[in-house]
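Derivation of every value follows stated rules applied to the coordinates shown; laboratory data play no part. This structure is a prediction, so every number in the text was calculated from the model and none was measured. No Cβ is skipped: glycine too gets one built from the backbone with ideal geometry, and neighbour counts run over all protein chains shown.
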Amino acid sequence: MLNIEALKKTYPGGVQALKGISLEIPAGMFGLLGPNGAGKTTLMKILATLLEADAGAARMNGVDLINDKTSARGMLGYLPQEFGLYPTLTAEQTLDYFARLKGVTDKKERKRLMGALLERVNLADVRGQRVGGFSGGMRQRLGIAQALIGQPDLIIVDEPTAGLDPEERARFHNLLSESVGESAVVILSTHIVSDVSSLCSRMAIIRAGEILAACAPHEAVKRLANAVWEASVPREQVTALKARYRIISSRMSDGLMRLRVISKDGRAPGAEFTPATPTLEDYYLTQVGS
């Protein structure tokens, strides 16, 4: 269990990135979902010991992640949003470099570890290729491999699927869910709702440095039971509907506006509306605004 208590961070210039964040994060995959600029990366960098908090605490397995950075780094695996690689190194040389940084000093042990990790992330066949020629998905798989060195108790993955095509995103989802042990706490920070719905058993939504909700994804969807409606209406009706209801999405189709609307009293917004099955994206947009 990772316990985060009242973490605060204000950057020079007065931007308050975190406004007293508190969370309890159990073992397993935990999704931190929020728009760009919500404070996700700031929180991840503080937990990864790369940024100082102004106030608050974070503890896991008896380790003070804020003040005991040496112990914290010993239990940490981290894949940052911008994962820098030396393009002239091969995949095997890259993992060897990270293994040295993580204290694996025995050459035979490093070789065994690199082989196992490259097999695990399906890069064994390209172990001798330079990473400068890797696709985005291959780079992310290599990033996961380095994050798993040392069997960390806390794994932080920041915006891992941004920029990946749908096929690579699905492959990354499968890899992450298959590679991480059940006892580790894994924090997946993302603005992509499907990442959380596909992978995470618990989640929190953050906006403007504050936690808006924390629950299981299926509980979030359940909260919108009988509240989501759809209809195609003339464009001139949209303004009046916006004044009365939360419109989740709107698009033009065959000369009409196709609307997805939240009506929390359980009543249809109009005779033309029919019930729709709620999704996690619906819930997310009700929290952060569409």
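Structure notes:
- MRE, 222 nm, helices only [DSSP H, n ≥ 4, -39500 (n - 2.57), over the chain, to nearest 500]: -9500 deg cm²/dmol
- In the chain, Cα pairs under 8 Å separated by at least six residues give a relative contact order of 21 percent.
- For Tyr86, Tyr284, Tyr245, order by how many other beta-carbon atoms lie within 10 Å, fewest first: Tyr86, Tyr245, Tyr284
- Inter-centroid distance (Cα atoms) of segment 181-228 relative to segment 1-39, Å: 14
- The Cβ shell under 14 Å around Asn174 holds other residues with a net charge of 0, Lys and Arg each +1, Asp and Glu each -1.
- In this simple spin-label model, placing a label point 7 Å from the Cα along the Cα-to-Cβ direction at both Glu236 and Gln151 gives a separation of 7.0 nm.
- Net charge, Leu113 excluded, C-beta distance under 14 Å - Lys, Arg +1, Asp, Glu -1: +4
- Within segment 1-24: backbone nitrogen closer than 20 Å to the Ala162 label point (7 Å, Cα to C-beta): 9-12, 15-19
- Backbone geometry of segment 40-57 corresponds, through the Karplus equation with coefficients 6.51, -1.76 and 1.60 at θ = phi - 60°, to 3J(HN,Hα) couplings of 4, 5, 4, 4, 4, 5, 5, 5, 8, 6, 9, 9, 7, 7, 7, 7, x, 9 Hz, x marking Gly and Pro.
- Long-range tail of P(r) for segment 170-260 (Cα pairs > 15 Å, %): 71
- Candidates Thr239, Thr277, Thr41: whichever shows maximal mean-square fluctuation once the chain is modelled as a Gaussian network with Cα springs under 10 Å: Thr239
- Rounded to the nearest whole Hz, the Karplus-based 3J(HN,Hα) values (6.51 cos²θ - 1.76 cosθ + 1.60, θ = phi - 60°) of segment 97-112 follow the sequence 4, 5, 5, 4, 4, 8, x, 7, 8, 6, 4, 5, 5, 5, 5, 4, with x at glycine and proline.
- Among [x] 40, 23, 16; [y] 45, 22, 15; [z] 37, 23, 18, the entry derived from the coordinates for semi-axes √(5λ) of the Cα gyration tensor in Å: [x]
- Share antiparallel - DSSP beta bridges, the chain, percent rounded to 5: 65
- Segment 144-150 - phi-based ³J(HN,Hα) in whole Hz, Karplus 6.51/-1.76/1.60, Gly and Pro as x: 5, 4, 5, 5, 8, 4, x
- Cβ-defined net charge surrounding Leu23, 10 Å radius [Lys, Arg +1; Asp, Glu -1]: -1
- Cα→Cβ-extended label distance, 7 Å offset, between Leu51 and Gln287, nm: 1.9
- Potential extension, Glu178-Arg258 segment - 0.36 nm per residue separation minus Cα distance: 24.9 nm
- In this structure, the amide hydrogen of Ile206, modeled 1.01 Å from its nitrogen in the peptide plane, lies closer than 5 angstrom to those of Leu33, Gly34, Leu212, counting only residues at least 5 positions away or on a different chain.
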